[in-house]
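I have placed the structure first, in the form of structure tokens, so that the comments after it can refer back to it.
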Amino acid sequence: MTTLSLSSADAATLSTDVLVVATAPAGGRKKGAVLVGPAASFKAAPKRRLEESLAALGATGKAGDLVRVPGTGIASAPIVLAVGLGSGPHDDEALRRAVGAALRSLAGHRRVALALPQETSSALDAIAQGALLGAYSFDSYRVSSKSATKSAVDRVTVVVADAKDAATVASANHAKAVAGGVNLARDLVNTPSQDLTPADFAAAATEAAAGLPIEIEVLDEDALTAGGYGGLLGVGRGSVNPPRLVRLAYRPEGATRHLSLVGKGITFDTGGISIKPSLNMHEMKGDMGGAAAVLGAIVTAARLGLPVNVTSYLCLAENMPSGSAQKPGDVLRTYGGTTVEVLDTDAEGRLVLADGLVRAQEEKPDVLIDVATLTGAQVVALGIRTTGVMSNDDDLRTSIHEAGKAVGENMWPMPQPEELRANFDSLVADLTNIGLVGRSHGGMLSASIFLKEFVKDGQRWAHLDIAGPSYNPLAAWGYTPRGGTGVAVRTLVQLAAELGAQD
């Protein structure tokens, strides 16, 4: 795991394998790049040598530009990497992405020092997060290929004005906690389902909460049966790995506000009897990204000591076809008594969330948010980098959008059209689990209408559909790797902090 430290030493004299500096476009009629941040204050001769080398190699200073030059005559480091920030002002997300790209490109080097501009109070946090998120790697299953794979950077040093300043140290610690929560979620999403059954996930949650002020409760199949959790039991009926409901509670002394989080945790989704096509089905090991996110969020809140009560519910099941699996036309009695006619067993996430949402409201939270890789329609509508946000409260939806913007996660407000509710009328039960007009008609919005049926009047609630953003099947970019992204953790932590600040 990559470690992070602070140093007030002269960047040019640091003992490190690679020194990372920042550039921006020269602007005006000038071409090429100019140094920004600490490198702009290097002594005359080293600065001139660095600028000449960058010019010779065609550095542009544009966002994502990465140019390596020999460190001889410039710094103690044998390599200097110039990373482009783009035209200013350089906001936190520009720093996060630039640093993330730099750290990804430096895999195979052991020590890296970052000498980058810190023009705002939050810049250090962004730089540190970008480094720890960009250096992420998942190689637990590599054996013969491990020697041919470049290892992640081992140690990162961030150059700051005063490494002992309390606010500076606090910013670095905040970044470490947040990145730790995101990378926890990434690890879970990347883990093969053979090693992450519902019981395994519950054990992983217990391990993640160990040593933190978090209470944990795990309901096994017997407890779920006794409690009437028909959604979880119905979805998990076809698997030899029975479902679990995990409740984690963080209760700091003096906190009065309460944020409740519910995460979809389908540890593998074949679609059940309504089986999916085989193409890319391997990615369905990540259908528990919502549960991973709410776990990462509560662990981070506890590590930071946020002054807000947080409860996370992980709704865990494996959706498999078998002789015991639920069938189209079956009726499930969800927790709280509402009956649902299952028209499509591949619309299973909403069934386990129904149980979790009703259970979560028994504690009367101020804000209730569910997070789920819920619909392919989300990917069609918003792509793989933007989360859809639906809510019964306009202010809450706006708050989530703004929180996502603040931490660099794209969250886009979406409507909940009232006319879609009639599509869920059943001939034999209270609801059907898919709209009768089919998935091709506003499927993301339609799914949120179904979930809304399990939210009481007056309860502030939002639904985050992360189907696309939770798993990146394409090339890595910025601080975002291929595979699990850990999306929503940072937004949820930001919301928790904002809610706690209202006390």
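Can you go through V331, V310 and tell me which one is buried (at least 23 other Cβ atoms within 10 Å of the Cβ), touching a strand residue (DSSP E or B) at 6+ places or on another chain (Cβ under 8 Å) and either over 15 Å from G236 (Cβ atoms) or in contact (Cβ under 8 Å) with a residue 12 or more places away in the chain (or both)? Step through it out loud before you land on a result.
Details: V331 fails: buried (at least 23 other Cβ atoms within 10 Å of the Cβ).
Just one listed residue meets the conditions, V310.
Output the number of the condition that G388 fails; it satisfies all remaining conditions of (1) surrounded by 24 or more Cβ atoms within 10 Å (Cβ to Cβ); (2) free of Cβ contacts under 8 Å to residues at least 12 places away in the same chain.
Condition not satisfied by G388: (2).
If you take just the strands (runs of 3 or more DSSP E) that sit entirely in the range 297-342, which of them hold at least 3 residues that are of a type outside the set (D, E)?
Per the criteria, 309-319, 331-333.
Looking at this structure, is I266 within 22 Å of T485 (Cβ to Cβ) and not in a strand (DSSP E or B)?
Against the criterion (within 22 Å of T485 (Cβ to Cβ) and not in a strand (DSSP E or B)), I266 does not qualify.
Hey, can you tell me all the residues within the range 111-158 that are among the basic types (K, R), closer than 12 Å to T2 by Cβ and within 25 Å of the chain's Cα centre (by Cα)? If you could, list the steps in order and put the result at the bottom.
Applying the first criterion (among the basic types (K, R)) to the range 111-158 yields 111, 142, 146, 150, 155.
Cutting the leftovers down to closer than 12 Å to T2 by Cβ gives us 111, 155.
Hit for the range 111-158 is R155, nothing else.
Residues to consider are S147, S137, S151; find the one that is among the hydroxyl-bearing types (S, T, Y), over 30 Å from P89 (Cβ atoms) and touching a residue at least 60 places away in the same chain (Cβ under 8 Å).
On the way: S147 fails: touching a residue at least 60 places away in the same chain (Cβ under 8 Å); S151 fails: touching a residue at least 60 places away in the same chain (Cβ under 8 Å).
On inspection, the qualifying residue turns out to be S137.
Please determine, by comparing only the residues of the range 414-440 that are under 19 Å from Q459 (Cα atoms) and part of a loop (DSSP other than H, G, I, E, B), which one is farthest from the chain's Cα centre (by Cα).
This residue is P417.
How many of the residues making up the range 481-495 are buried (at least 24 other Cβ atoms within 10 Å of the Cβ) and on the phi < 0 side of the Ramachandran plot?
Qualifying residue count, the range 481-495: 9.
Do any residues in the range 256-274 that are within 28 Å of P307 (Cβ to Cβ) have Cβ atoms under 6 Å from those of residues that are hydroxyl-bearing (S, T, Y) and part of a strand (DSSP E or B), where the two are at least six apart or on different chains, and which pairs are they?
Qualifying pairs under 6 Å: S260/T311; L261/S312; V262/Y313.
Here are M444, M411: which of them is buried (at least 18 other Cβ atoms within 10 Å of the Cβ), out of contact with any Phe, Trp or Tyr (no Cβ under 7 Å at 6 or more places or on another chain) and part of a strand (DSSP E or B)?
The unique qualifying residue is M411.
Filter the range 289-307 for residues that are out of contact with any His (no Cβ under 9 Å at 6 or more places or on another chain) and more than 14 Å from L261 (Cβ to Cβ); which is surrounded by the fewest Cβ atoms within 10 Å (Cβ to Cβ)?
Among those that are out of contact with any His (no Cβ under 9 Å at 6 or more places or on another chain) and more than 14 Å from L261 (Cβ to Cβ), it is G305.
Each reported figure results from applying straightforward, stated rules to the coordinates on display, with no laboratory input. Computed from a predicted structure; not experimentally measured. Here the Cβ is made from the backbone with ideal geometry for all residues, glycine too, and neighbour counts use every protein chain on show.
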